1. Of all residues in the range 6-22, which are open to solvent by less than 70 Å² (accessible area, probe 1.4 Å) and in contact (Cβ under 8 Å) with a residue 40 or more places away in the chain?
2. Filter the range 177-223 for residues that are hydroxyl-bearing (Ser, Thr, Tyr) and either under 17 Å from Gly242 (Cβ atoms) or surrounded by 13 or more Cβ atoms within 10 Å (Cβ to Cβ) (or both) and give the result.
3. Restricting the range 116-137 to residues that are of a type in the set (Ser, Thr, Tyr) and more than 18 Å from Leu248 (Cα to Cα), which is most open to solvent (accessible area, probe 1.4 Å)?
4. Those residues that are under 30 Å from Gly128 (Cβ atoms), modelled with pLDDT under 85 and open to solvent by 30 Å² or more (accessible area, probe 1.4 Å), I need them from the range 66-101; list them, please.
5. Hey, among Arg163, Arg157, Arg142, which residue is charged (D, E, K, R), more than 20 Å from Leu259 (Cβ to Cβ) and surrounded by fewer than 21 Cβ atoms within 10 Å (Cβ to Cβ)?
6. May I ask you to list the residues in the range 26-50 that are open to solvent by less than 60 Å² (accessible area, probe 1.4 Å) and closer than 11 Å to Gly117 by Cβ?
7. Keeping to the range 91-115, report how many residues are outside any loop (DSSP other than H, G, I, E, B) and within 14 Å of the chain's Cα centre (by Cα).
Amino acid sequence: MHSVGRSWLLLTGFILFYIIYLLFGALVFSSIERPVEDKLREDMIVLKQEFLNLSCVNAASLELFLVKVLKANKYGVSVLRNSSVPSNWDLASSMFFANTLVTTVGYGHTTPLSDTGKAFSIIYALIGVPFTMLVLTACVQRLMYPLVLAPVGLLQRSGIEPRPATVVHFVLLLVLVVLCFFVAPAAVFSTVEVSWSFLDGIYFCFISLCTIGLGDFVPGTHPGQKYRPLYQVTVMVYLFVGLMMMYLLLRTFHKMADLHGLTTFLQLPRCEESDLDEDREPIVENERQSQKEKAANKPLEPGSQPSYNTINKG
């Protein structure tokens, strides 16, 4: 099999394993945390009924009631309308939690209730976070040529000087990312989430794609929301693709800054020439590929394809 075909096959395997890893985490979190959550819900119902049955309430009883209610609310269990609120640890919600865990977004709207869940979160994140970074890097390297190198070469062939071409390309890419991953999703969120304004949607997109994850706005948590599992899976896909595009945008800016001498001026690390070449070669390429096969895959004319390496830095 050709090396490019093998690399695509391996990349596909990475993505499939990533999805399986999320499902595995969702099943484990759900099996561990849902029974504890159900017990907490039952306790809240009993506590509420006992409170209502009291003929009179003293300060100590009220304080105890509030402490337990606030503690339960911290874990996403409310004493209000418990029967109509879906579980925070069903399969879709657990997978959403696993996704926020391995992408380091971590909204904090749902946290493990049990010690077992907390211990598993540590182990799961230790494996999941670096693996997520690996998958994101592999995907970004696949996107570097069609979204960065090829457009820059096209701008140069249209008559624009090399350095202005990189600036124009970066501005266009920035506008594309803002429109597709901030403005458009914010409009969708402000429509689906009845309590969100358009500004709230923009704020959520920024907080999420910068992996700040404050947790004051979390999609899919409104009681009685239709198609909640499908909605949460869609948000997971948005987060993954959005993080990938943010990484692509940052890497493009780094290359542009390197070309314009900004990294040298600020005494920052430069993009290595080998790293630039890797944008054309997938990160998952088989390292055992023979030198003969590599030579056969090289273009006959190195300058015939657009690359940051071909831009005159003088």
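The values are calculated or read from the model by the stated rules, or taken from the named source; none is laboratory data. Bear in mind the structure is a predicted one, so any value in this text is a computation, not a measurement. Glycine also receives a Cβ, built like all others from the backbone with ideal geometry; neighbour counts cover every protein chain displayed. Please note that ligands, DNA and RNA were not included when accessible areas were found on the heavy atoms of the full protein model with its side chains. Shrake-Rupley method; radii C 1.70, N 1.55, O 1.52, S 1.80 Å.
1. Selection gives Ser7, Leu11, Phe14, Ile15, Tyr18, Tyr21, Leu22.
2. Initially, the range 177-223 is screened for residues hydroxyl-bearing (Ser, Thr, Tyr), giving 190-191, 195, 197, 203, 208, 211, 221.
The answer is Ser190, Tyr203, Ser208, Thr211, Thr221.
3. Once the filter is applied, the top-ranked residue is Thr116.
4. The answer is Lys71, Asn73, Lys74, Tyr75, Ser78, Val85, Pro86.
5. Answer to the check: Arg142.
6. Val28, Phe29, Ser30, Ile32, Glu33, Val36, Glu37
7. Residues of the range 91-115 that are outside any loop (DSSP other than H, G, I, E, B), as a first pass: 91-102, 115.
Subset that is within 14 Å of the chain's Cα centre (by Cα): 95-102.
Matching residues across the range 91-115 total 8.
Here is a yes/no grid of residues against (1) surrounded by 17 or more Cβ atoms within 10 Å (Cβ to Cβ); (2) more than 24 Å from the chain's Cα centre (by Cα); (3) of a type outside the set (Ser, Thr, Tyr); (4) modelled with pLDDT under 70:
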residue	(1), (2), (3), (4)
Val237	no, no, yes, no
Gly242	yes, no, yes, no
Leu248	yes, no, yes, no
Leu262	no, yes, yes, no
Cys271	yes, yes, yes, yes
Asn286	no, yes, yes, yes
